Amino acid sequence: LVTGLLGGMLAAGILGRFDYMLSQVVELVFFIPVMLYMGSAIGNQTQMLFIRGMAYQKLSIRNYLSRELLVDASIALIIGAPLSVYAYFVSQSPIFTLTIFIAAFIITSTSGLIAILVSLAFVKFHKDPAIGGGPFQTTTQDIASLVIYFVVASLFLL
């Protein structure tokens, strides 16, 4: 809970840094929940499967990670397509639509990597990633998703 609280405060600070952009492109607000959800959902699933894999079998981290990146990129394409159609429906702007697609693609494609790195950090510090990793992974992913989303939006929309 403390991790979530601190992460939420950090997220509020990040949003505050982009208040000008949000006031200029209000439609960006509509997509914050889906950007956060997709990254966290994929990260949580990846983390659960990765921790189970570490517990029950000898994993090659390199092979697991490369497979995960491929799966996440595939999911990103599948998610990005309908999300982009919706973004165009909301904005009627090809640039806004491209921004949403690229941000969603990056967030979704990197969420498994973040989950695996958080899990490995817990292992490195001799902590059980199954117990403490979830809140840290979710908070880390939410912060990363916000930063990615607004950096991509800054590059394309301002």
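Okay, here's what the table says:
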item	result
Most mobile listed residue (M54, M38, M21) in the chain, GNM with C-alpha springs under 10 Å	M54
Solvent-accessible ranking of D72, D19, D142, largest area first, probe 1.4 Å	D19, D142, D72
Carbon + sulfur, % of accessible area of the chain - ligands and nucleic acids excluded, 1.4 Å	72 percent
Dimensionless Rg/Rh of the chain - Kirkwood Rh, Rg from C-alpha atoms	1.01
Nearest-ten-degree value, helix 94-124 long axis tilted from longest Cα axis of the chain	20 degrees
Nearest 10 degrees, 0 to 90: helix 61-91 Cα axis against the chain principal axis	20 degrees
Separation in nanometres of the label points that stand 7 Å from Cα toward Cβ, at D19 and V151	2.3 nm
Inter-label distance, nm, simple model (7 Å from Cα along the C-beta direction), L1/R67	3.8 nm
Accessible-area order (highest first, 1.4 angstrom probe) of the listed residues L1, L65	L1, L65
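The values are calculated or read from the model by the stated rules, or taken from the named source; none is laboratory data. Worth saying up front: this structure is predicted, and the values here are computed from it rather than measured. Note that we place each Cβ from the backbone using ideal geometry, even for glycine, and neighbour counts take in every protein chain shown. The accessibility values were calculated without ligands, DNA or RNA, using every heavy atom of the protein model including side chains. Shrake-Rupley method; radii C 1.70, N 1.55, O 1.52, S 1.80 Å.
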